[in-house]
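Below is one structure; the comments refer to it alone.
The values are calculated or read from the model by the stated rules, or taken from the named source; none is laboratory data. What you are looking at is a predicted structure, and each value in this text was computed from that prediction instead of being measured. Cβ placement follows ideal geometry from the backbone for every residue including glycine, while neighbour counts extend to all protein chains displayed.
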């Protein structure tokens, strides 16, 4: 048996249902930089605040955040605060659990198909995020966060550069 690996980088935006993903043979700072550059280009008219954990490639000194992306880190050891973890759980449970793939290409094809399905189904992404009360609260907790970020980034709410919150 030979163990081979591929890695998926994804960012989800619970408020809009956006899901952006990137598959790489590597899990390092260079791959993270490629992911951020592609995300930045895809959402070039947006300013993005990305909340992420403190994995080594998320805090590396060589990580280069594009101009329209601001990185902010979640509290250590708190995957329950990150909706993208639900995406991983869903994909693993529905499409990889108890399956043997003959080739790494089969794994990558399955992963790409499922990530594309979420990319094309905003409602499914929003449904995955429903349990994250800190931005879905009726009392406007999410709006308070966004308004603070707008002020922080000097973004005009109705301007060309709209603000989008992603989790990675």
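The table below lists the values:
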| read-out | value |
| --- | --- |
| Residue within segment 68-80 that is part of a loop (DSSP other than H, G, I, E, B), modelled with pLDDT of 85 or more and surrounded by 15 or more Cβ atoms within 10 Å (Cβ to Cβ) present | yes |
| The one condition in (1) touching a helix residue (DSSP H, G or I) at 6+ places or on another chain (Cβ under 8 Å); (2) assigned to a helix (DSSP H, G or I); (3) modelled with pLDDT of 90 or more; (4) over 20 Å from residue 9 (Cβ atoms) that residue 135 fails to fulfil | (3) |
| Selection count where residues are assigned to a loop (DSSP other than H, G, I, E, B), more than 21 Å from residue 130 (Cβ to Cβ) and out of contact with any strand residue (DSSP E or B) (no Cβ under 6 Å at 6 or more places or on another chain), scope segment 7-52 | 6 |
| Leading residue by the ranking (surrounded by the most Cβ atoms within 10 Å (Cβ to Cβ)) among those in segment 97-121 that are more than 20 Å from the chain's Cα centre (by Cα) and assigned to a loop (DSSP other than H, G, I, E, B) | 101 |
| Filter result for the condition that a residue is farther than 16 Å from residue 167 by Cβ, touching a helix residue (DSSP H, G or I) at 6+ places or on another chain (Cβ under 7 Å) and surrounded by 14 or more Cβ atoms within 10 Å (Cβ to Cβ), over 34, 65, 24 | 24 |
| Residues of segment 52-62 satisfying the condition of being more than 11 Å from residue 9 (Cβ to Cβ) and crowded, with 19+ Cβ neighbours inside 10 Å | 53 |
